[in-house]
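Have a look at the structure below before the remarks.
The values are calculated or read from the model by the stated rules, or taken from the named source; none is laboratory data. None of the values given here were measured: they were computed from a predicted structure. Using ideal geometry, Cβ is built from the backbone for each residue, glycine included, and neighbour counts are taken over all protein chains shown.
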Amino acid sequence: MVATSQIGKRLADCAPGATGQIAYYAGNEIGAKLMAMGVLPGSMVNVLRLSPWGEGLYIKVDNQLIALRKEEAACIVMK
């Protein structure tokens, strides 16, 4: 699901403790992989922590704990 207008900021730009709802995916390939894992548009996301060198994020999505690379998180646009 790709939209043409920006609704909010990308998950990769969020600080630990940030909470939001997934609006859409900016990349089709990564978006399809995330949807297969159950990370769907409309899901609530909480950024738990960043990796020590800032290369990834540890998030909670609808009671699932997931680690994402910065490139993958950049494809998720939040409301």
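The set of residues from region 60-74 being more than 14 Å from LEU40 (Cβ to Cβ), buried (at least 18 other Cβ atoms within 10 Å of the Cβ) and either at pLDDT below 90 or of a type in the set (A, V, I, L, M, F, W, C) (or both) comprises LEU68, ALA73.
Whenever a residue of region 39-64 is over 13 Å from LEU11 (Cβ atoms), its partners that are among the hydroxyl-bearing types (Ser, Thr, Tyr) and assigned to a loop (DSSP other than H, G, I, E, B), lying with C-beta atoms within less than 7 angstrom and at least six residues away or across chains, give the pairs ASP62/SER43.
Applying the criterion of at least 2 residues that are hydroxyl-bearing (Ser, Thr, Tyr) to the strands (runs of 3 or more DSSP E) found wholly in the chain leaves 19-25. Of all residues in region 42-70, those that are within 15 Å of PRO16 (Cβ to Cβ) and either of a type in the set (D, E, K, R) or in contact with a Phe, Trp or Tyr (Cβ under 9 Å, 6 or more places away or on another chain) (or both) total 12.
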